[in-house]
Amino acid sequence: MSSIQGYKMKEYSMPTKRYCQTLSLKNNPILIEEYRKIHSEEKAWPEIRAGIRAVGILEMEIYILGSQLFMIIETPLDFDWEIAMDKLSNLPRQAEWEKYVSKFQDCPYLSSSAEKWKLMERMFYLYED
């Protein structure tokens, strides 16, 4: 499915909430292409995907425009961001993954995930009528 057709969203049997984050990559087409590859279904580390699910995240998507990334994270309503991110940072291979991907990201080397990915504030939605 292409961006012009939109992306189907998962449906859950429970109420959910969403977190949005942004991160800049180094503006280098070769590095950006490699970053895309390492996030593909074939190349993404299974331990990282399993860890994301293990902390209670239902869905995580990353969108890209040029060197700018936008991440959407869907969770149950009772999800606690700080507890989950602390737990995630201590799971097997997570520190290794963060070190590995830091060479692609436009931030100080070995920054934590929280230092790299910045939570975004929602400034508009289709308000209730």
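The values are calculated or read from the model by the stated rules, or taken from the named source; none is laboratory data. All values reported here derive from a predicted model rather than from experimental measurement. Protein only, heavy atoms only, side chains kept; ligands, DNA and RNA dropped before computing areas. Shrake-Rupley method; radii C 1.70, N 1.55, O 1.52, S 1.80 Å.
Some points to look at:
- Separation between Cα centres of the stretch 76-126 and the stretch 1-57, rounded to whole Å: 12 Å
- Per residue, the accessible area of the chain comes to 73 Å² when a 1.4 Å probe rolls over the protein heavy atoms.
- Solvent-accessible area, 1.4 Å probe, carbon plus sulfur percent, for the chain: 55 percent
- For the stretch 1-79: rounded, prolate or oblate by the Cα gyration tensor [a/c cutoff 1.5]: prolate
- Fully extended contour minus Cα-Cα distance, from GLU47 to TYR109, at 0.36 nm per residue: 20.1 nm
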